[in-house]
Amino acid sequence: MAPSDPWWKEAVFYQIYPRSFADSDGDGVGDLAGIRARLPELAWLGVDALWISPFYPSPMVDFGYDISDYCDVDPQFGTLEDFDRLLHEAHALGLRVIIDWVPNHTSDRHPWFVDAVSGRASAHRNWYVWRDPTPEGSPPNNWVAAFDPSAPAWTFDEPSGQWYLHLFESAQPDLNWDEPAVVEAMHQVLRFWLDRGVDGFRADVVHCIGKDPGLPDDPGSVAGIPHCALNDVPVTHRRLREIRNLVDGYPGGRVMVGEVFLLSTRAVATYYGDGDELHLAFNFPPLFAPWQEGHWTECIERTVAALDPRAAWPTWVLSNHDNPRHRSRYDRAAAFLGEAEETTEARSEPRARAAAVLLLTLRGTPFLFQGEELGLLDASIPPDRQVDPGGRDGCRAPIPWNGRSDHGWPSVNGRQPWLPFPPESFRNHEDQRADATSMLHLYRRLIAVRRRAPALSRGGFDLLELPDGLLGFRRTMGDEVWVVVVNFTDHRIDHVRQPPVGDGWRLVVSSNGLGEGAPFDGTIGPDQAVVLTG
Ligand code: GLC
């Protein structure tokens with residue numbers, strides 16, 4: 001890495017959803033000690049950094065994204081000392097750790113809101129967004145909350161006769177970032193964790209910390225779309241520059257990765273500023289893209305076109321805790337976008353393998369979601385076990401660590417994990433680790449090659465002109481040249497040997513494991529991806 005290059009440009013991130021990762025005490029909910037015990041597995045996989053979703057005290061209406069104390073650990077997850085130990089041991093293994101920072105809203109049980117709701121004259125009243133009713137007594141504007149297109153983003157507080165804003169659940173009131181004391185308090189949260197040694201943050205819906213001061217109605221053309229996916233106003237950029245300054249004031253290159261949930265890549269790109277706002281922002285279109293060559297080419301071209309190479313480093317993500325896992329999506333293929341139904345069960349594994357090749361060789365920082373390295377499908381959740389207000393339980397199923405009946409989740413008094421396990425119990429860490437042909441080993445090989453060959457992370461990038469159904473690109477650094485080709489079709493394609501791929505080229509990683517280390521014969525099987533070098 002060039003000395004001036006920050007670590008997060010080359011790093012592979014791994015998202016941990018702590019409730020579902022690993023449980024140390026048998027209460028059916030994962031915890032920090034559970035994560036700590038599994039750090040060696042993560043180091044073995046080869047990832048560089050962990051992003052841990054919220055573990056702070058919370059009433060768990062939104063499973064931790066409703067925080068009642070930003071500077072502590074929920075007893076379900078452990079203690080601050082457990083966090084310090086986890087951080088220390090991760091660092092000792094060479095793993096960096098970033099944590100979730102949820103600046104847009106608190107829990108309604110946060111002492112700030114408890115005070116705010118106690119009366120119009122309370123000290124924290126202006127820490128939240130309050131408005132009088134319209135003359136007709138309705139909410140102040142037409143904004144829609146997340147999770148339920150029929151729900152207004154406002155809740156009426158009878159005693160004070162005012163509405164308060166919540167872009168998510170009513171139990172998640174929005175903070176008022178126009179109030180300087182809020183800005184200071186939320187900066188203080190960053191300092192609290194930076195002082196403890198975290199390597200950065202994933203900033204939850206961070207594009208929402210600025211609101212248009214007039215709180216105007218959303219246009220009718222976007223009716224039913226939650227306001228959190230539309231909110232995009234100039235003042236947020238000034239706030240992000242202040243946050244960037246704070247974070248960059250700490251030694252060691254801390255990072256701020258923003259969840260900017262706007263689906264236009266061009267709009268998201270503005271949140272990098274001139275290299276003075278977010279260090280990284282999630283690039284979500286690939287997470288929604290069906291497994292089709294045209295859609296993927298478009299995602300890649302848009303990313304390249306939208307991100308100014310001097311200021312903005314791309315990111316790639318296939319799955320996270322908010323959306324169906326990509327293997328489940330590829331099972332349903334085009335149906336996911338409301339297009340024609342197509343059953344592709346047998347193809348979802350090879351497709352997910354090929355997607356892993358893309359994720360780990362495109363130019364930018366990849367983010368893995370726990371369990372994708374095992375090729376997990378979403379769990380099917382019976383109605384009586386559904387718990388998430390946003391219907392996202394399936395992708396949050398507990399990680400199966402082994403093939404035994406408890407899957408490595410200890411149980412006290414017969415207690416089951418908080419959600420059912422995913423299907424296909426052979427897809428567990430232990431068995432896949434023992435099988436060199438597994439998805440887990442594919443991820444490990446890809447991460448290892450990426451580390452050996454900086455061209456694959458930091459190198460130049462250009463798309464290749466290839467026959468229909470193939471997507472390919474070249475990665476270069478000095479005289480090192482790599483080519484990645486993905487066959488999106490259901491048939492074998494021969495003679496993939498146009499320049500720069502020529503005689504003497506080797507197949508270094510193959511998504512199905514076949515032919516690795518051998519000279520490349522110009523053939524790519526159905527749903528196969530290959531990583532080649534000359
Ligand atoms: C983000 C989180 C999601 C949460 C929401 C509200 O989108 O990823 O899980 O429900 O913000 O905090």
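Listed conditions (1) more than 16 Å from the ligand (Cβ to nearest atom); (2) under 21 Å from the mean Cα position of the chain (by Cα); (3) surrounded by fewer than 23 Cβ atoms within 10 Å (Cβ to Cβ); (4) not in a loop (DSSP other than H, G, I, E, B) are all met by Val29, apart from (4).
Remark: pairs (first residue in region 400-420, in contact (Cβ under 8 Å) with a residue 40 or more places away in the chain; second residue part of a loop (DSSP other than H, G, I, E, B) and hydroxyl-bearing (Ser, Thr, Tyr); Cβ separation under 8 Å; 6+ apart in sequence or on different chains) = Pro410/Ser24; Pro420/Ser380. Here Val508 passes the criteria (1) free of Cβ contacts under 8 Å to residues at least 24 places away in the same chain; (2) in contact with a Ser or Thr (Cβ under 6 Å, 6 or more places away or on another chain) except the one numbered (1).
Look at Gln370 and say whether it is of a type in the set (S, T, N, Q), within 19 Å of the chain's Cα centre (by Cα) and either within 16 Å of the ligand (Cβ to nearest atom) or over 19 Å from Leu32 (Cα atoms) (or both).
Working: of a type in the set (S, T, N, Q): yes; within 19 Å of the chain's Cα centre (by Cα): yes; either within 16 Å of the ligand (Cβ to nearest atom) or over 19 Å from Leu32 (Cα atoms) (or both): yes.
Judged against the criteria, Gln370 is a match.
Condition first: of a type in the set (Asp, Glu) and surrounded by 15 or more Cβ atoms within 10 Å (Cβ to Cβ). Now tell me which residues in region 79-114 satisfy that. Listed by number, the residues that qualify are Asp82, Glu89, Asp100, Asp108. The residue pairs whose first member lies in region 134-148 and is farther than 16 Å from Ser170 by Cα, whose second member is in a loop (DSSP other than H, G, I, E, B), and whose beta carbons are closer than 9 Å, counting only pairs six or more residues apart or on different chains, are Thr134/Pro140; Thr134/Asn141.
Against the numbered list (1) hydroxyl-bearing (Ser, Thr, Tyr); (2) in contact with a helix residue (DSSP H, G or I) (Cβ under 9 Å, 6 or more places away or on another chain); (3) modelled with pLDDT of 95 or more, Thr297 comes up short only at (2). Scanning region 179-209 for residues that are outside any helix (DSSP H, G or I) and away from the ligand (no atom under 16 Å from the Cβ), we see that the one that is farthest from Pro133 (Cα to Cα) is Gly197.
Residue check: Ala289 meets all listed conditions (1) buried (at least 17 other Cβ atoms within 10 Å of the Cβ); (2) touching a helix residue (DSSP H, G or I) at 6+ places or on another chain (Cβ under 7 Å); (3) modelled with pLDDT of 95 or more but one, namely (3).
Out of Arg347, Arg310, I need the residue that is farther than 24 Å from Leu45 by Cα, modelled with pLDDT under 95 and outside any helix (DSSP H, G or I). Which one?
Values: Arg347 fails: outside any helix (DSSP H, G or I).
Going through Arg347, Arg310 in turn, the sole match is Arg310.
The residues listed here are Pro57, Pro75; of these, the one that is surrounded by fewer than 24 Cβ atoms within 10 Å (Cβ to Cβ), within 16 Å of the ligand (Cβ to nearest atom) and not aliphatic (A, V, I, L, M) is Pro57.
Being within 23 Å of Ala121 (Cβ to Cβ) and part of a loop (DSSP other than H, G, I, E, B) is the filter; apply it to region 140-169 and report the residue that is nearest to the ligand (Cβ to nearest atom).
Kept after step one, since they are within 23 Å of Ala121 (Cβ to Cβ), are these residues of region 140-169: 140, 154-166.
Narrowing the set further to residues that are part of a loop (DSSP other than H, G, I, E, B) leaves 140, 158-161, 166.
Details: Pro140: 21, Glu158: 25, Pro159: 26, Ser160: 25, Gly161: 27, His166: 10 Å.
Once the filter is applied, the top-ranked residue is His166.
Among all positions in region 377-389, there is at least one residue which is crowded, with 18+ Cβ neighbours inside 10 Å, away from the ligand (no atom under 16 Å from the Cβ) and small (Gly, Ala, Ser).
The values are calculated or read from the model by the stated rules, or taken from the named source; none is laboratory data. None of the values given here were measured: they were computed from a predicted structure. Cβ atoms come from the backbone with ideal geometry, glycine included; neighbour counts cover every protein chain shown.
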